[in-house]
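The values are calculated or read from the model by the stated rules, or taken from the named source; none is laboratory data. Fair warning: this is a prediction, and the values are worked out from it, not measured in the lab. As a convention, Cβ positions derive from the backbone with ideal geometry for all residues, glycine included, and neighbour counts pool all protein chains shown.
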């Protein structure tokens, strides 16, 4: 299983807000598309599948892979997990 995170970047690029999290079968593109399309129609502008089966680990990876190097922050509005920062 993987975890699909869906969210949106702030206009200034300083914050990635995670607004949804879904377990999906590894690489199930049809399921991912079915979840991402309506989210993007509703304002989301970012989505990523992580090969972890835990929401918190997926949020940590999102921080490490997409936000940290740009001094951005990840705001998890689903489970309110705060990524660990070095």
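Observations, loosely collected:
- Qualifying residues in the stretch 10-28 (those that are without any contact (Cβ under 8 Å) to a residue 60 or more places away in the chain and in a strand (DSSP E or B)) - the one surrounded by the fewest Cβ atoms within 10 Å (Cβ to Cβ): 23
- Cβ-Cβ under 6 Å pairs, at least 6 apart or on other chains, the stretch 52-65 side at negative phi and at pLDDT 95 or above, far side surrounded by 15 or more Cβ atoms within 10 Å (Cβ to Cβ) and assigned to a helix (DSSP H, G or I): 52/58
- Criterion: touching a strand residue (DSSP E or B) at 6+ places or on another chain (Cβ under 8 Å), assigned to a helix (DSSP H, G or I) and crowded, with 17+ Cβ neighbours inside 10 Å - qualifying residue of 44, 31, 58: 58
- Of the numbered criteria (1) touching a strand residue (DSSP E or B) at 6+ places or on another chain (Cβ under 7 Å); (2) within 12 Å of residue 7 (Cβ to Cβ), the one residue 50 fails is (2).
- The conditions of being touching a residue at least 12 places away in the same chain (Cβ under 8 Å) and crowded, with 19+ Cβ neighbours inside 10 Å are met by residue 49.
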